[in-house]
1. Looking at the stretch 149-226, what helices (runs of 4 or more DSSP H) fall wholly within it and have at least 2 residues that are in contact (Cβ under 8 Å) with a residue 60 or more places away in the chain, assigned by TED's automatic domain parsing to the domain that holds Gly139 and not charged (D, E, K, R)?
2. Write out, first by first residue and then by second, each pair whose Cβ atoms fall under 9 Å of each other, whose residues are 6+ apart or on separate chains, and whose first residue, in the stretch 104-133, is assigned to a strand (DSSP E or B) and at pLDDT 55 or above while the second is surrounded by 11 or more Cβ atoms within 10 Å (Cβ to Cβ) and among the acidic types (Asp, Glu).
3. Please name all residue pairs, on different chains or six or more residues apart, with Cβ atoms under 7 Å, provided the first residue is in the stretch 296-312 and is surrounded by 10 or more Cβ atoms within 10 Å (Cβ to Cβ) and the second residue is of a type in the set (Val, Ile, Thr) and in a loop (DSSP other than H, G, I, E, B).
4. Which is of a type in the set (D, E, K, R), within 30 Å of Leu136 (Cβ to Cβ) and modelled with pLDDT of 75 or more, of Glu271, Glu267, Glu255?
5. Report, by residue number, each residue of the stretch 274-294 that is closer than 13 Å to Leu312 by Cα and either at pLDDT below 85 or in a helix (DSSP H, G or I) (or both).
6. Please list, ordered by first then second residue, the pairs with beta carbon atoms under 8 Å, 6 or more apart or interchain, first in the stretch 316-337 and loosely packed, with under 14 Cβ neighbours inside 10 Å and of a type in the set (Ser, Thr, Tyr), second at pLDDT below 85 and not in a loop (DSSP other than H, G, I, E, B).
7. Scan the stretch 40-66 residue by residue and report those that are assigned to a loop (DSSP other than H, G, I, E, B) and under 18 Å from Ile86 (Cα atoms).
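The values are calculated or read from the model by the stated rules, or taken from the named source; none is laboratory data. Everything numeric in this text was worked out from a predicted model, so none of it was measured. Don't worry about glycine lacking a Cβ; one is built from the backbone with ideal geometry, like all the others, and counts go over all protein chains shown.
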Amino acid sequence: MIFMKILRRFFAFFRERKTLSYAGIYIFLLWIVASFLFYIFEPRVNDIFTAVYWAITTTTTVGYGDITPETLGGRIISIVVMLSGIGFMGVFLANFTDMLIEKSLARGMRARAYMEGHVIICGWNGVVEIALRELLADGREVVVVADVDMIPIEHRNLVFVRGEPSDDEKLSRANVAKASFVLISGKDDVETLLCAISVRKLNEKACISCVVSDPKVAQALKNIGVEQMLSTEETFGLFLSRSVFVPKLSEFLRELMATRDIDIYQERIPESFEGKSFADVMVMFKREYNAIAVGIVHDNKLIINPDGERTLEGGDEILYISESKLDLKRMGVRKKM
């Protein structure tokens, strides 16, 4: 039974790694045949082990020079070993290295197989790097899927999957089915759209944010259920114009968006908040936790600074600025008591 299991694993490995297997078999047979012939043709070689030693040092390009062919037959064998052995040895080592790298990545992904509610970032650029550092600083688990050789960040909560972000297999390795948020910033709008389609196909509930510039692509993203679409041109254009009227705008946004000291949060209101006016909630936030309620989300629509008499309803979400995330359920219970 154990023998059959080992045999099945061997044949499975052979099927998956044909190039590595063929190169290994060729080198092994080359060593056997070349060692035997070298032992026959070279009178100075007194034992087969010395011939094997010569074959291995020749194919690995070590070539100490302590054993050299003296006969015509030995020289011909040496030429064959050098021309074919070195090439196949290179192929074998290259494929073996690739296998080790893939195994290492697979172990890294298995170590993160428990990930649920994590963030997936698709694509890589300077904006994405800033977002990644902020998410890691906030303690979030993140998987980056990008077609780059490597990313300049190492963290215990970070997993890197190399490959096209729109590739279903790469997204599956990132455990996209159990992700809560997916941030997409492709090389262009087409890549961003394709990636968003793949993500939505594998996860219907994840909140997706995309960086786009073409209004048509933005509409297509909206049609497949993408919640947030950020236009860098529009955002920076508005920022530049408003900075004329608000000189401290950049400093305000930097402090607000950083994950240190103060941040903005969005949470669903507990049942105890239903029926309360927005003005009452604002006062409660400020008095008890020094937090500022700035808006609500009703029927998936954002309302900034709503009328103070507006009544909160079930399913509404509230946006607030605070030094840390608040326990809204406990806050509502305390207020009720």
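1. By residue number, 189-202.
2. Short answer, once both residue conditions are applied: Val119/Glu141; Cys122/Glu191.
3. Taking only residues 6 or more apart or on different chains, the pairs are Leu312/Ile269.
4. Of the residues listed, the single one that is of a type in the set (D, E, K, R), within 30 Å of Leu136 (Cβ to Cβ) and modelled with pLDDT of 75 or more is Glu267.
5. Result: Phe278, Ala279, Asp280, Val281, Met282.
6. Close Cβ pairs (under 8 Å, with a partner that is at pLDDT below 85 and not in a loop (DSSP other than H, G, I, E, B)) amount to Ser324/Asp263.
7. Within the stretch 40-66, Thr60, Thr61, Val62, Gly63, Tyr64, Gly65 qualify.
Each row is one residue, and each column tells you yes or no for (1) over 25 Å from Ala146 (Cβ atoms); (2) in contact with a Ser or Thr (Cβ under 7 Å, 6 or more places away or on another chain); (3) buried (at least 19 other Cβ atoms within 10 Å of the Cβ).
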site	(1), (2), (3)
Leu194	no, yes, no
Cys210	no, yes, yes
Gln228	no, yes, no
Val246	yes, no, no
